[in-house]
Amino acid sequence: MNSEDGRRRVVIEDPTPAIDGGRFPIKRTIGDLVTVEVDAFSDGHDLLSCALLFRKEEETAPNWRSVPMTALGNDRWRGVFPAAELGRYRYSFLAWVDAFRTWVRDLEKRVAAGQDCRVDFLIGADFVEEAARRATGDDSTALARHAAVLREGAVSPTPLPPDLLSLMATHGDRRFAVHHDPGLAVVVDRERARFSTWYELFPRSTGGPGRHGTLRDVAERLPYVAAMGFDVLYLPPIHPIGHDHRKGRNNSVTAGPNDPGSPWAIGSSEGGHTGLHPALGTFDDLHRLIQAAQEHSIELALDLALQCSPDHPYVQQHPEWFRRRPDGTVQYAENPPKKYEDIYPFDFESESFGELWEELRRVVLFWIEHGVRIFRVDNPHTKPFPFWEWLIGEIKRVYPDVIFLAEAFTRPKVMNRLAKLGFSQSYTYFTWRNTREELTRYFTDLATPQMREFFRPNLWPNTPDILPEYLQLGGRPAFAARLVMAATLGASYGIYGPAFELCENTPVASGKEEYLDSEKYQHRPHTLDELDRPESLRRLIARMNRVRRENPALQRDEALRFHPVSNDQLIAYSKSSLDGNNVVLVIVNLDPHHAHSGWVELPLGELGLAADQPYQVHDLLSDARYLWHGARNFVELHPEVVPAHLFRLRRRVRTERDFEYFL
């Protein structure tokens, strides 16, 4: 053993946050503060000092930046550094027995007891002289001057000069400091990874009746999407669609001559994953769409579906990438008893998996180079975990602004692993959580300190694949209630339109969650006149999205809190901004058929409200204002009107001129 090892007396352990002991990075968005804690202690009664070290991952280890950590008591320390740039940071800890701080503490006690401290001044002078030899320039000169004063005994014993304490904190003896290893990591994304509002539409349905929609038609639809306040426009796959085993209307196994097929059956003689469906237009049209979307403050998201139709060029060019059945045919996708004869999955256990990985990375880079920075990934849980960790890491190393949304409606541990591996956002079980107990339990779990470090939920009330029973049976009030909850329970949410705002709720059959005449298998054009009919939810959607933009409390998920209500058909919860100045209270009637009332109980102190002062609740949906008193207040909600209150809480403030207003 190195002789110095026995003199490294500090123990560093239990850093938080740490995902699986630091195996995976935590997540932040640019501008956030990264707050971390750690235990650091030593034998005996000497004082310690502890520093938080951080650097961008591409920087070399000697380039650690250092900030002092604050002692919280019971050997726990806290430090903070800014997530100032996109990309990946490494951070670690350094702790050491601080002989100078210990000397200062003991000196103050001796002075207070009236003891002779002349020898103690000499001991302190030795510490400061050693530091002067380690320092350079003005710091060295200043330290030498302080040492001389201590040695001459010409200084008032306490308190010591602040600049001396500061210089010693910088140049103190760290020879036996302990460096926590391994370091931990944080991935810093742009804000849209944390706060985003998605709208999904099928480009081919944006044309008029009997006409295949184009990307130019999508561009003409942008003002409609922008007016509702969405900032991400997500398009299902825009590649050529296979002809072999093409599915017909309502997923029938036989397609008619005019049936367009499922966009997720990717590839034909016209191209594959880097191809554009000819009926949609050209790459110039795509570029113009991306530019037009940016002018409306909208970003384009594309579907990344790693699967092939039977006539995809890969099937002929790379047969080794697919699994063969005993009869020699290629294995199509299955989820028994469901069969997807129009889709061939890749064989990630192929001997040529390395070449497959490289090709799929090339596909992602191809679309990035065409201006796409957001990908909704189809069924990532059916591909290997190591592949996703490699692919996302490779992409974000070069393009740290890219966002990946995991469409994985699967087992919780699988969904969590995908989030840990690098997916920026994740679909959730919100679609199937309906009762107050279900919603409260699920979102409380998502907001736990450990979970929120890596899992960013994106809530969807419906998708092209999923028309849940609640929407089928609840009519327009059910759609409105789910909209309010999706937009407020999660900082990111999305809807599949125009089916959602038009409240389309007819399933293909009783007990099924698929739409009748689904757009997945046919054209479903809607004119702007249809989209503007009175029963549309577009105005409520626009109001909700404006409220989200104007209230920082709804742009994060950390501060979600549920509150007791005397009626189990009502759910109440609040969110607060980081500074506590913006508090939003949401109360929703979960029953789409009947009015319900009840008493809501609020923890006034936690919400920054005085127990002995009235406070105003401003309904951001109806613009009504109410004056509430105390912790318990009465509410009543009629689903056929608006099934929710969206209150901003306003505290009573008195100015110097004795004028009262609500903040």
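The values are calculated or read from the model by the stated rules, or taken from the named source; none is laboratory data. Just so we're clear, the structure is a prediction, and the values are computed from it rather than from any experiment. Because the Cβ atoms are built from the backbone with ideal geometry, glycine has one as well, and the counts that use them run over all protein chains shown. Quick note on the areas: whole protein, heavy atoms, side chains included, nothing else; ligands and nucleic acids left out. Shrake-Rupley method; radii C 1.70, N 1.55, O 1.52, S 1.80 Å.
Could you report the chain's accessible area per residue, 1.4 Å probe, as an integer in Å²?
I get 44 Å² per residue for the chain.
Run through the range 7-59 and list the trypsin sites (Lys or Arg not before Pro) located in a DSSP loop whose Cβ has at most 14 other Cβ atoms within 10 Å.
Arg23
Please report, for the Cα atoms of the range 1-155, the Rg to one decimal and the Dmax as a whole number; what are they, in angstrom?
Rg and Dmax of the range 1-155, Cα atoms, are 19.2, 56 Å.
Per-residue HN-Hα couplings for the range 168-182, Karplus 6.51 cos²θ - 1.76 cosθ + 1.60 at θ = phi - 60°, whole Hz, x for Gly and Pro?
For the range 168-182, the Karplus-derived couplings read 6, 5, 7, 10, x, 6, 10, 4, 10, 5, 9, 9, 5, 9, x Hz, x marking Gly and Pro.
Residues of the range 572-614 with the amide nitrogen closer than 13 Å to a label point 7 Å from the Cα of Glu636, along Cα-to-Cβ, please.
Output list for this probe position: 595-599.
Taking every pair of alpha-carbon atoms in the range 374-416, give the share separated by more than 11 Å as a whole percent.
68
Calculate the dipole size of the chain relative to its Cα centre from +1 charges on Lys and Arg beta carbons and -1 charges on Asp and Glu beta carbons; express the result in debye to the nearest 20.
Values: 79 positive and 93 negative charges, 159 e Å.
The dipole magnitude comes to about 760 debye.
State, as an integer percentage, the relative contact order of the range 463-572 based on alpha-carbon contacts under 8 Å between residues 6 or more apart. Numbers along the way, then the final one.
Values: 97 pairs, mean separation 33.0, N = 110.
Computed value for the range 463-572: 30 percent relative contact order.
Quote to one decimal, in nm, the extra length available between Arg546 and Phe283 on full extension: 0.36 nm per residue of separation minus the C-alpha distance between them.
91.4 nm
First measure r as the distance between the Cβ atoms of Thr506 and Leu528, then evaluate 1/(1 + (r/R0)^6) with R0 = 22 Å and state the FRET efficiency to the nearest 0.05. Could the numbers behind the result be given before it?
Details: r = 22 Å, r/R0 = 1.02.
The pair Thr506/Leu528 has a calculated efficiency of 0.45.
Find how much the distance from Ala624 to Asn251 grows on full extension, using 0.36 nm per residue of separation minus their present alpha carbon separation; answer in nm with one decimal.
Stretched fully, the Ala624-Asn251 segment lengthens by 129.6 nm.
Aspartates and glutamates near Lys512 by alpha-carbon distance under 12 Å, same-chain residues fewer than 8 away left out - which ones?
In chain and number order, the partners are Asp465, Glu469.
Using Cα pairs closer than 8 Å and at least 6 residues apart in sequence, work out the relative contact order for the range 266-316, in percent.
Computed value for the range 266-316: 57 percent relative contact order.
Can you grab the distance from the C-alpha centre of the range 298-365 to the C-alpha centre of the range 508-561, Å, no decimals?
When both Cα centres are located, 32 Å separates them.
Roughly how many nanometres apart are two label points built 7 Å out from the Cα toward the Cβ at Gln613 and Glu358?
In this crude spin-label approximation the distance works out to 6.7 nm.
When only alpha-carbon atoms are used, what values of Rg and Dmax, in angstrom, describe the range 572-651?
12.6, 39
Summing Lys, Arg as +1 and Asp, Glu as -1, what charge do residues with Cβ under 12 Å from the Cβ of Leu150 carry, Leu150 excluded? Working shown, then result.
Working: positive: Arg118, Arg145, Arg151; negative: Asp120, Asp126, Glu129, Glu152.
Local net charge: -1.
Suppose each label sits 7 Å from its Cα in the direction of the beta carbon; what would the Glu349-Trp599 distance come out to in nanometres?
Distance between label points: 6.1 nm.
Find the centroid of the Cα atoms in the range 439-458 and in the range 64-113, then give the distance between the two in whole Å.
31
Take every Cα-Cα distance within the range 399-527, group them into 10 Å bins from 0 onward, and report for each bin the whole-number percent of pairs it holds.
Histogramming the range 399-527 at 10 Å steps yields 12, 40, 33, 14, 1 percent.
When you count, for each residue, the other Cβ atoms within 10 Å and take the mean per peptide, how do 644-650, 490-496 rank with the highest first?
Result, highest mean Cβ count within 10 Å first: 490-496, 644-650.
Along the charge dipole of the range 482-565, which of Thr527, Thr506, Gly494 sits closest to the positive end, that is, farthest toward it, with unit charges on the beta carbon of Lys, Arg, Asp and Glu (+1, +1, -1, -1)?
Gly494
Can you show me the helix-derived [θ] at 222 nm for the chain, built from DSSP H runs with n ≥ 4 at -39,500 (n - 2.57) apiece and divided by the number of residues, rounded to the nearest 500.
The helix-only estimate for the chain comes to -8500 deg cm²/dmol at 222 nm.
Computing the accessible area with a 1.4 Å probe over protein heavy atoms, can you report the carbon and sulfur percentage for the range 191-289?
49
How large is the Rg to Rh ratio of the chain when both quantities use alpha carbon positions and Rh follows Kirkwood? Don't skip to the answer; put the middle values down first.
Working: Rg = 30.5 Å, Rh = 28.7 Å.
Dividing the radius of gyration by the Kirkwood radius yields 1.07.
Quick one: go through the range 379-402 and flag any residue whose amide nitrogen is under 20 Å from the point 7 Å out along the Cα-to-Cβ line of Glu59.
Answer for the range 379-402: 397-401.
For the charge dipole of the chain, defined by +1 on Lys and Arg C-beta atoms and -1 on Asp and Glu C-beta atoms about the Cα centroid, which residue among Leu360, Ala624, Gly267 has the Cα displaced farthest towards the positive pole?
Ala624
DSSP beta bridges in the chain, what fraction antiparallel, as a percent rounded to 5?
Antiparallel bridges: around 70 percent, rounded to the nearest 5.
Normalised radius of gyration for the range 260-358, please: alpha carbon Rg relative to 2.2 N^0.38 Å, two decimal places.
That works out to 1.29 for the range 260-358.
Relative contact order for the chain: what percent, with Cα pairs under 8 Å and sequence separation of 6 or more?
Relative contact order for the chain comes out at 10 percent.
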